[in-house]
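Heads up, the thing below is written out as structure tokens.
The values are calculated or read from the model by the stated rules, or taken from the named source; none is laboratory data. As the structure is a computational prediction, the values presented were derived from the model and not from experiment. As a convention, Cβ positions derive from the backbone with ideal geometry for all residues, glycine included, and neighbour counts pool all protein chains shown. Note: accessible area is taken over every heavy atom of the protein model, side chains too, but ligands, DNA and RNA are not part of it. Shrake-Rupley method; radii C 1.70, N 1.55, O 1.52, S 1.80 Å.
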Amino acid sequence: MVCGAVLCENCQMVAGYAQPDPAVSQRSSNPTLRYSTIPAYHTVCSWECFDRWAWTFISRGHAPGMFGQHYVLGGVRLHPGTAGRAVAMAEDHRRGQMLEQARHLIEAEDHEAAAGIYQKLGMWKEAGEIRRTGRRRIVTQVHVNVNDLVDQVRKAGITTDYTCPACRGHIRITGETTLATLRNCQYCGSAVQTTDLVDFLTRVVGYS
């Protein structure tokens, strides 16, 4: 069914069987076609030929599907021996596509979505590493933003008060303020969330 090689019955391998059309079988006046229980079969000369045939469908997104109790691919009801091979090939292809998508998401810095794909594939260690990498980058970027925004406040000569979410105390921010003094509330000592501070200072200096 693939290379057209002429083989004896001992050399050929049954790959699958032709899918009968029930409507045609019922309408046919030929008793042999209507009642025959021996389906026409397709053969291949080697696993290499079978893989080449199966890949023409799997590579286009057509994985083997269940039809009754049998797997069907390309209109052929697969032999149990070839069905397992085709299903494994389709699963490897799907897994490869998901890993490729995860790599693209990492390039786009969508670390959580990439970690979700690794987790679906049972790659727990890789999922954790991707999430940790994403968090480290976020923390680094936030600190860079705070330093830049405090510098903008200093250059603009702005004086403002940041309200501590814990005690509602007013933390004065002026041109003399340093990042170290903004890490904790001077009244209650609670840690100041840098992400909240970035949002506040962004509004103060007029960033969108």
Please list, in chain and number order, the residues 5+ apart from Q19 or on another chain whose amide H is under 5 Å from its amide H, with Hs placed from the backbone.
R77
Sorted on mean Cβ neighbours within 10 Å (highest first), peptides 195-205, 69-79 come out as 69-79, 195-205
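Return the FRET efficiency for the residue pair T160, T195: r is the Cβ-Cβ distance, R0 is 22 Å, and the value is rounded to the nearest 0.05.
FRET efficiency, T160 to T195: 0.80.
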Computed over the chain, protein heavy atoms only, probe 1.4 angstrom, the accessible area per residue in square angstrom equals 65 Å²
Can you figure out the FRET efficiency of M98 with R203, using R₀ = 45 Å and their beta-carbon distance, to the nearest 0.05?
0.65
The set of residues whose placed amide H lies less than 5 Å from the amide H of Y71, leaving out same-chain residues fewer than 5 positions away, is L78
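What do the square roots of 5 times the Cα gyration tensor eigenvalues come to for the chain, in whole Å, largest first, as semi-axes of the equivalent ellipsoid?
Sorted largest first and rounded, they come to 70, 17, 14 Å.
Would you mind telling me the share, in percent, of accessible area of the chain contributed by carbon and sulfur at probe 1.4 angstrom?
For the chain, the apolar C and S fraction of the accessible surface comes to 53 percent.
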Provide the per-residue ³J(HN,Hα) series for segment 176-181, in order, calculated from phi with Karplus coefficients 6.51, -1.76, 1.60 and θ = phi - 60°, each as a whole number of Hz, with x at glycine and proline positions.
8, 5, 10, 4, 5, 6
In whole Hz, what ³J(HN,Hα) sequence does segment 162-171 give by Karplus (6.51, -1.76, 1.60; θ = phi - 60°), x for Gly and Pro?
9, 8, 5, x, 7, 10, 6, x, 9, 9
Given charges at beta-carbon only (K, R positive; D, E negative), |dipole| of the chain in Debye:
300 debye
List the residues whose amide H sits under 5 Å from the amide H of N184, counting only those 5 or more places along or on another chain, with H placed 1.01 Å from N in the peptide plane.
V192
